[in-house]
Ligand SMILES: *Cc1c(COP(=O)(O)O)cnc(C)c1O
C-alpha cells in the first residue's frame, strides 16, 4: 500500500515545502534501518540523546527525498532541490496520526495487548496459534512504544486478516495515543505487575491508564481474579463484551476448572461460555500458563475450535528469554540472566534453574541484586523473593546492593550473604568458596554482573582467537577511501565473518553504519537478529526450506535462478508478503550461480513483473579474478556483460535498483567500477591479496606451551614415528590440533609458529588436540605464548604452505576456539 506525498501531507496536516511527486510505502525513524530510500518518509524525531534532523543530509545522500520535520532547513531549496519537507509542529504526533489514518482503512480484528509482563509472549504465541490459517501482522519484536506502535500498525496491508499489537506505557497519558493508533477490536491485559509504578500514584491509577486501551474495543480480555483489574473494570463504563477469565469464579466467561502440571507440560481444563474444553502446553512456569490463558480466550473468541487450539498449544515455542547457561569454575554451572530484575522474571529464571537436570547432588545458589521498580514495601517484596527461592530449592542467597542487604532479616534460606556491591563480593571468602553449585545470577546490569559472570566461567581451552575490532574499522575506512561518499557498502560476514565471529563483527559494522551485511545462510542471519543487529542483511545462499525464516527476520535473499525465484514468490504469497526485497545475481563468467545476462533477462523481467511478492533491491555479479592483472581483460568482459544486463533490469522498473560488482580486491583494483555499492570481504579481515602492508591484521590465533622435554637425536615425535629428530632437541607440546582447525598438512616441518617471536617448526604429525613444535635454542618456558598466525605471522604464510588461499585457513578455525575481542 502506498500513499502519495500529497495525500500524506493532508493526512498529517502538514505544510509542504518542495513539489516533487512521490509515493510513500515505508516509514523511517532510525536512519540505520533505511532500505528503500525512494519510497521512504523519514520522521526527524527528537529524543533526549538524539535529533533526527541531524541525519537529513546523510539520508538525502542515500536517496531519501521525503522528510517530516518541525523546522525546514534554511537552504532547503538549494541543498535539497528535489526533496519534500513536510513541516509540522511535532513529527512524532504526525507519525502517530499517519498510522491512525492507515489503521482506519481496515475493518478486521485487531488485538491490542497491554500489561506489565508477558505482552511479547502473548503476542508471539497468538501469532503462532493464528498464523497457520490467517494473515497476521504483528509488532516486530517488542515495538510497543509511542514510536514502535505506529511503525507496527503501518505494516498492515490489504492482505492482513488480523493485527496483533503490543502497547507499552511508562507514564500517565501515553495509552490514549496508543489506543487511537491501534484502535483495537479486542483488548487484552496480561497482568498488572509492578513495573513503572514509580510514575503512577497508585496501582489503581496505573490500571485505569492501561484500561484506556479497552475503550471502544468490542471485547476486553482480562483476569477477574486480579482484584485491582476487576474493580477497575467494574467501576468503568465499558460497554463492550467482558471476556474475563478466572480460576475462582465458575460464572466467568472463561473458567479454569483445573491446571495439572507434569514434568514438562501443563494441562488446562476450562469452561468457555458453557462448553468444556482442554489444552496442553509444553511449559510449566506460572507466567507461561497465565499467558496461555489470554491466548486461549482470544483464539476461541476469534473462532478457533477447542481441538485446533489444543493442537497449536502443544506446539508453542518459547519466546526468546535471555537466559544463558555456562560452565563455571570449580564444578559450578552458571545460569546467567542479566536481563532485568523484576520479581516475575525472577520466578521464570528460578523455574528454569529448577528444571535443569544438572543440579542432582549440587546445591542451588541465587546471586541477586537489588530489585527496582517494584513500588512495594521492601520487607514484603524480599519476603516474597525468599519464599519463591525456597520453593525452588535454593539453599543459598548472595544479595548484592544496599537495598537487599537491608532486608537480610526477611530472607530465610539456610545460607545467606550480603554485600554492598559486586566488587566486595568478588574480594570475599564467599566468592572463593563457590564450588559444585548451580548458580543463578540475576541482576541489573548496573551492578556489574557481567564482570562477575566473566570471573566465574571456566577458562577451558588455552587456545584463543584474538580479534581486533579497531583493525576492522581501520580496514573498513581504508576501503571506503576509494569510494565516492554516496557509494554504499556491503560487508561480507559469511562463514562466521571469515572465522572472526559474526556477531561482534556485525555489531561493530552496524555502529559504523555500513549499508548491508551479507551472510551465507539464513541461520547466520537469525543469529545476528537475535543479537540485536538491525542493519539490512543479505543472504547469499538462501535455502528453499528457510524462506519463512527470512521473512520473519527480514533477511533479504539473493536470487540466482528461475527455480529459486518461483519458489520464493510462492512462499512469500503464502505469507501474504508484498515487496520483499531481493538481490538478483547475474553470472558473467564465474559460471557458478546466477542468471545469464544475455539470455535470461526478458524472462526474468517478465516474471518479476507478473508478481508483487518480491521486488529487486539490487542486482550484482562477482569477478573471478579481480586481484590479478592477468585477468584484467576477462574482468573487463565481465563488467561489460554486467553493465548491459543490469541496465536492462533497471530500465524495466521505476524504483532504483542498486548495481554492484566490486569485491575487496575490485575496490582497489577497479575503483571506477564501484557503481552504487561494493562488497567488502577479505580486506575487512586484514588480508589484502594485492598489498598486505596497507591494512591491519585483525585475527591472531594464539595458544600456550603445555609441556617441554628434551628429545635425543634418533628418537621420533608423535604418531607413526614421522617426526625424526636429527639433533638433540627441545620439543614443546601446544594445545591446538586439527580439531581446532590447525591443518594436519602443516606438520612435519611444512610450516612454523612463533614462540617469543622466533620461528618454531611443527614436528611430526599434528594430533587432534595437540601439536608438537621444535623450540631448540629458543628462550622459552611452559606457559609461554605461541602465535599460530596473526600480528607477527601472516595467515598467508600458512595458506601458501598449504597450497590454498587464506579464506580456507580462516574459515577452518573450529568453533571450540574461544574468541576474545579487543576494542580501545
Ligand atoms: C565472498 C564474496 C565477496 C567478498 O569477496 P572478497 O574477495 O572476500 O572481498 C563478494 N561478493 C560475493 C558474491 C561473495 O560471495
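Find the centroid of the Cα atoms in segment 600-616 and in segment 395-431, then give the distance between the two in whole Å.
A separation of 65 Å, based on Cα centres.
Once each part is reduced to its C-alpha centroid, what is the distance from segment 157-188 to segment 18-92 in angstrom?
Result: 26 Å between the Cα centres.
From the Cα gyration tensor of segment 731-824, with a ≥ b ≥ c the square roots of its eigenvalues, which class applies: rounded if a/c is under 1.5, or else prolate if a/b is larger than b/c, or else oblate? Each step should come with its number before you reach the end.
Working: a/c = 1.40, a/b = 1.14, b/c = 1.22.
Here segment 731-824 falls in the rounded category.
Defining a contact as two alpha carbons under 8 Å apart and six or more residues distant in sequence, what relative contact order in percent does the chain show? Kindly include the intermediate steps, with their values, before the conclusion.
Details: 1688 pairs, mean separation 61.1, N = 824.
Averaging sequence separation for qualifying contacts and normalising by length gives 7 percent for the chain.
Can you put 114, 267 in order of Cβ neighbours within 10 angstrom, beginning with the fewest? Provide the component values of the computation, followed by the final result.
Values: 114 30, 267 15.
Ranked by crowding around the Cβ, least crowded first: 267, 114.
Taking a ≥ b ≥ c as the square roots of the Cα gyration tensor eigenvalues, with a/c under 1.5 meaning rounded and otherwise prolate when a/b beats b/c, else oblate, which class fits segment 210-284? It would help to have the intermediate numbers written out before the result.
Details: a/c = 2.35, a/b = 2.04, b/c = 1.15.
Here segment 210-284 falls in the prolate category.
Order these by the 10 Å Cβ neighbour count, fewest first: 316, 455. If you can, show how the numbers build up before the last one.
Details: 316 20, 455 12.
Ascending number of Cβ neighbours within 10 Å: 455, 316.
So what's the gap between the Cα centers of segment 745-787 and segment 693-714, to the nearest angstrom?
5
222 nm [θ] for the chain, helices only, -39500 (n - 2.57) per DSSP H run of 4+, per residue, to 500?
Numbers: 28 runs with 253 residues, N = 824.
Mean residue ellipticity at 222 nm (helix-derived): -8500 deg cm²/dmol.
Antiparallel versus total DSSP beta bridges in the chain: what percent is that, nearest 5?
Taking every DSSP beta bridge within the chain, about 40 percent pair in antiparallel fashion.
Just grab the label-to-label distance for residue 51 and residue 239, each label 7 Å out from Cα along the Cβ direction, in nm (one decimal).
4.8
Report the percentage of all Cα-Cα pairs in segment 6-133 whose separation exceeds 24 Å, rounded to a whole percent.
On the way: 3114 of 8128 pairs.
Cα-Cα pairs of segment 6-133 separated by over 24 Å account for 38 percent.
Neighbour counts of other C-beta atoms within 10 Å: give me 772, 540 arranged from fewest to most. All intermediate terms of the calculation are to be shown ahead of the outcome.
Working: 772 24, 540 20.
Result, fewest neighbours first: 540, 772.
For the chain, rounded, prolate or oblate, judged on the Cα gyration tensor with a ≥ b ≥ c (square roots of eigenvalues), a/c < 1.5 rounded, else prolate if a/b > b/c? Don't skip to the end; give the middle numbers.
Values: a/c = 2.02, a/b = 1.18, b/c = 1.72.
Judged from the Cα gyration tensor, the chain comes out oblate (a/c at least 1.5, b/c at or above a/b).
May I ask you to derive the FRET efficiency for residue 694 and residue 815 from their Cβ-Cβ distance with R0 = 25 Å, giving the value to the nearest 0.05?
With R0 = 25 Å, the Cβ-Cβ based efficiency is 0.20.
Take every DSSP beta bridge whose two residues both sit in segment 163-294, then give the antiparallel share in percent to the nearest 5. Can you show the working numbers first?
Values: 14 of 24 bridges.
Given both bridge residues lie in segment 163-294, the antiparallel proportion sits at roughly 60 percent.
Here, each number is a calculation from the coordinates, and none is a lab measurement. Since the model is a prediction, treat every value here as computed from it, not as a measurement. A quick note on method: Cβ atoms are made from the backbone with ideal geometry, for glycine too, and the neighbour counts reach across all protein chains shown.
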